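Colleague: What follows is a structure written as structure tokens; I'll ask about it next.
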Amino acid sequence: MTPDRRTLLADAALDVLAEEGIRGLTHRAVDRRAALPSGTTSAYFRTRAALFTALVTRLVRLDQEELRTMAGQLPPLRTPEELVDGMVALTRRRLGGEGRRRSLARYACAVESVRDPELREILVPRENAGRQAVRLFLADQGVKDVETRTHTLLTCVDGLVFDRLVNGGEVPREALEGLVAAALR
């Protein structure tokens, strides 16, 4: 199915942001990336803020779909090793191919959201199948303050992904094992 024009433009904006950074994200650059006539992006998104809002909304939707798909492919987590396996799979997805593109865009948007409350609201971590799986696993393990531990664990994993985006390489399994062990204490 061919995406609608707004989705096509939001995807093109994601590509531009991932490849060229915040300064490279212009209406003209999105037009070029989408292979559409000059002025198309500004006809759909009059301002840069409107373009950013569309981009961030699309990014969050794609991330939610990815997490839902991954959760559907994994059995319920029973052991720390299974949780680590899931985190290894997630970090690899976030560091390669399409996932890398979205990760680069996500971090650029996060920095931009510091100055833009509307973007920040869209980017606020949402309930998703991945977060729920971690929460349920920690609760089943008898962890106290499951919400705080879930948030801390996932934030640390996110930080490791950011570090590997900047410095290259994969997130070491041992680092994820250490984070899970700490969450279980």
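The values are calculated or read from the model by the stated rules, or taken from the named source; none is laboratory data. Please read all numbers here as calculations on a predicted model, not as lab measurements. Glycine gets a Cβ as well: all are built from the backbone with ideal geometry, and neighbour counts include every protein chain shown. Heavy atoms of the whole protein, side chains included, go into the accessibility calculation; ligands, DNA and RNA do not. Shrake-Rupley method; radii C 1.70, N 1.55, O 1.52, S 1.80 Å.
Colleague: If the Cβ limit is 6 Å and pairs must be 6+ apart or interchain, which residue in segment 76-103 that is without any contact (Cβ under 8 Å) to a residue 60 or more places away in the chain pairs with which residue that is hydrophobic (A, V, I, L, M, F, W, C)?
Modeller: Every condition considered, the pairs that remain are GLY86/LEU74.
Colleague: Across segment 52-84, what is the total count of residues that are among the aliphatic types (A, V, I, L, M), over 21 Å from ARG100 (Cα atoms) and at pLDDT 85 or above?
Modeller: Residues in segment 52-84 being among the aliphatic types (A, V, I, L, M), over 21 Å from ARG100 (Cα atoms) and at pLDDT 85 or above: 2 in total.
Colleague: Restricting attention to segment 135-146, does a residue exist that is among the aliphatic types (A, V, I, L, M) and surrounded by fewer than 16 Cβ atoms within 10 Å (Cβ to Cβ)?
Modeller: yes
Colleague: Condition check: touching an Asp or Glu at 6+ places or on another chain (Cβ under 8 Å) and farther than 19 Å from THR79 by Cβ. Does ARG164 satisfy that?
Modeller: yes
Colleague: Within segment 25-70, how many residues are without any contact (Cβ under 8 Å) to a residue 12 or more places away in the chain and within 30 Å of ASP85 (Cβ to Cβ)?
Modeller: Going through segment 25-70 one residue at a time, the tally reaches 3.
Colleague: Now for a separate question. Can you say whether PRO172 is in contact with a Phe, Trp or Tyr (Cβ under 9 Å, 6 or more places away or on another chain) and farther than 29 Å from ALA50 by Cα, as far as the supplied structure shows?
Modeller: no
Colleague: On to the next question. Hey, does segment 22-41 have a residue that's of a type outside the set (Phe, Trp, Tyr), open to solvent by 60 Å² or more (accessible area, probe 1.4 Å) and within 18 Å of the chain's Cα centre (by Cα)?
Modeller: No; the residues of segment 22-41 include none that is of a type outside the set (Phe, Trp, Tyr), open to solvent by 60 Å² or more (accessible area, probe 1.4 Å) and within 18 Å of the chain's Cα centre (by Cα).
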